[in-house]
Amino acid sequence: MAKLASAWVACAALLVSASGLSAQTSDPATYPNQTVRIVVPFSAGSSTDSLARVLSDELTKLWKQTVVVENRPGIAGTNSVAKSAADGYTLMLTSNGHTIAAVVNPNLPFDPAKDFVGVTPVASVPQALIIPPNLSAKNLPEWIALARAKPGEMNFASAGLASTSYLGAEVLKQTAKINIVHIPQRGAPEAITSVMRGDSHLFFLSVHLATELHNSGKIRAMAIARDKRTAVLPDVPTVIESGMPDYKYESWFGVLAPAGTPKPILNKVSADIARVLQNPELAARLSKQGVEIGLKTPDEFDAQLKAEVASNSAMLRAAGIGGN
């Protein structure tokens, strides 16, 4: 009987402890009180990684708690977040390529919409369409003409399936009605190298990463994937200016959390991200790199996320990509 009573006391203590922990983690006044992880499902050196490190530095200062960036490229990284405790201590910074993950890989161990909740978009980063510097086509109309003349022979690189570079190129492929082959790479650095070597004929690269490479002649930026030019590459025309008025694509990078994360924590994280990114000095520094801050409430971003999962999936399936 004494042992049984002791076991009940221990069990009750565990329940009280768990209850206290739950109350503490859902209270924005005490969050965070331990290390926060920002998982990046892309390689180090990618645009997503760069933004995550800026965010981790600034949030560490604000929260006076360590915020670490953990690079876990691919499905494994995203799945690790989906399966993490929904307590606010595991976040994910990803790109809008997340919205098509289930189409390009129907055997995902997670659901891009149901297993995640939006915290806030962080930024919109214009993408430059980069090509090898010695390619005979020097601009987008010439590049499209070359692809049409050699159906199935031209290719495009991506930082992986469900990356923003993949999605941007797929939209271009469908809009231009060209037959080009997708060659996924192990992250942006490898994709950039493949373009410089001439092995890949196209890659969508964030303008702040493309600028120096373009100016040094290592690659050629032939167009910008947005509706207006960017200050860091002012002489490079947009895709629309290059003769494709129906082309619509805007990349974003945003913070997600596991579904079920308490709303007070989501609101706290979202508000604090907005606070650090709206710092005039930081905003100016990011602007010089072509990064445009874009912020929303958790409810607004979550609605956008789920709407894009539906619309982008329908778009790709209509083009014969993925299942029904």
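When region 64-102 is examined, which residues are found to be of a type in the set (Gly, Ala, Ser), in a loop (DSSP other than H, G, I, E, B) and at pLDDT below 95? Matches in region 64-102: 74 only.
Criterion first (at pLDDT 95 or above, of a type in the set (Lys, Arg) and surrounded by fewer than 18 Cβ atoms within 10 Å (Cβ to Cβ)) does residue 263 satisfy it? Even if it seems obvious, please write down each step before you answer.
Details: at pLDDT 95 or above: yes; of a type in the set (Lys, Arg): yes; surrounded by fewer than 18 Cβ atoms within 10 Å (Cβ to Cβ): yes.
So residue 263 passes the test.
Given the residues 260, 254, which is the only one that is over 18 Å from the mean Cα position of the chain (by Cα), under 23 Å from residue 37 (Cα atoms) and not charged (D, E, K, R)? Even if it seems obvious, please write down each step before you answer.
Values: 254 fails: over 18 Å from the mean Cα position of the chain (by Cα).
That would be 260, the only listed residue that is over 18 Å from the mean Cα position of the chain (by Cα), under 23 Å from residue 37 (Cα atoms) and not charged (D, E, K, R).
Looking only at region 204-238, how many residues end up being in contact with a Lys or Arg (Cβ under 9 Å, 6 or more places away or on another chain), in a loop (DSSP other than H, G, I, E, B) and among the β-branched types (Val, Ile, Thr)? Going through region 204-238 one residue at a time, the tally reaches 2.
Among 313, 270, 287, which is the only one that is touching a helix residue (DSSP H, G or I) at 6+ places or on another chain (Cβ under 9 Å), in the same structural domain as residue 58 (by TED's automatic domain parsing) and either at pLDDT below 95 or aliphatic (A, V, I, L, M) (or both)? Steps first, please.
Details: 270 fails: either at pLDDT below 95 or aliphatic (A, V, I, L, M) (or both); 287 fails: touching a helix residue (DSSP H, G or I) at 6+ places or on another chain (Cβ under 9 Å).
Testing whether each residue is touching a helix residue (DSSP H, G or I) at 6+ places or on another chain (Cβ under 9 Å), in the same structural domain as residue 58 (by TED's automatic domain parsing) and either at pLDDT below 95 or aliphatic (A, V, I, L, M) (or both) leaves just 313.
All conditions but one from (1) touching a Pro at 6+ places or on another chain (Cβ under 9 Å); (2) in contact (Cβ under 8 Å) with a residue 40 or more places away in the chain apply to residue 229; the one that does not is (2).
Counting just the residues of region 139-152 that are touching a strand residue (DSSP E or B) at 6+ places or on another chain (Cβ under 7 Å) and not aliphatic (A, V, I, L, M), which one comes out surrounded by the fewest Cβ atoms within 10 Å (Cβ to Cβ)? Once the filter is applied, the top-ranked residue is 152. As a summary of the residue check, residue 121 satisfies the conditions (1) outside any helix (DSSP H, G or I); (2) touching a residue at least 60 places away in the same chain (Cβ under 8 Å); (3) crowded, with 24+ Cβ neighbours inside 10 Å except for the one numbered (3). Note on region 153-169: among residues that are at pLDDT 95 or above and surrounded by fewer than 24 Cβ atoms within 10 Å (Cβ to Cβ), the one that is nearest to residue 78 (Cα to Cα) is 155.
Only residues that are surrounded by fewer than 19 Cβ atoms within 10 Å (Cβ to Cβ) and modelled with pLDDT of 95 or more: list them for region 209-223, please. Show your work before the answer.
At the first step, the residues of region 209-223 found to be surrounded by fewer than 19 Cβ atoms within 10 Å (Cβ to Cβ) are 212, 215-218.
Correct list: 215, 216, 217, 218.
Does residue 114 fit the bill of being closer than 25 Å to residue 290 by Cα, charged (D, E, K, R) and part of a loop (DSSP other than H, G, I, E, B)? Criteria not met by residue 114.
When we screen 294, 254 for residues that are of a type in the set (Gly, Ala, Ser) and either at pLDDT 95 or above or not assigned by TED's automatic domain parsing to the domain that holds residue 104 (or both), the only hit is 254. Residue selection: residue 43 fails the criterion of being in a loop (DSSP other than H, G, I, E, B), closer than 29 Å to residue 248 by Cβ and either β-branched (Val, Ile, Thr) or more than 17 Å from the chain's Cα centre (by Cα) (or both). All of (1) modelled with pLDDT under 95; (2) more than 30 Å from residue 300 (Cβ to Cβ); (3) of a type outside the set (Ser, Thr, Tyr) hold for residue 141 with one exception: (1).
The values are calculated or read from the model by the stated rules, or taken from the named source; none is laboratory data. Quick caveat, the model's predicted, so the values are computed rather than measured. When we count neighbours, we look across all protein chains shown, and the Cβ atoms used for this are built from the backbone with ideal geometry, even at glycine.
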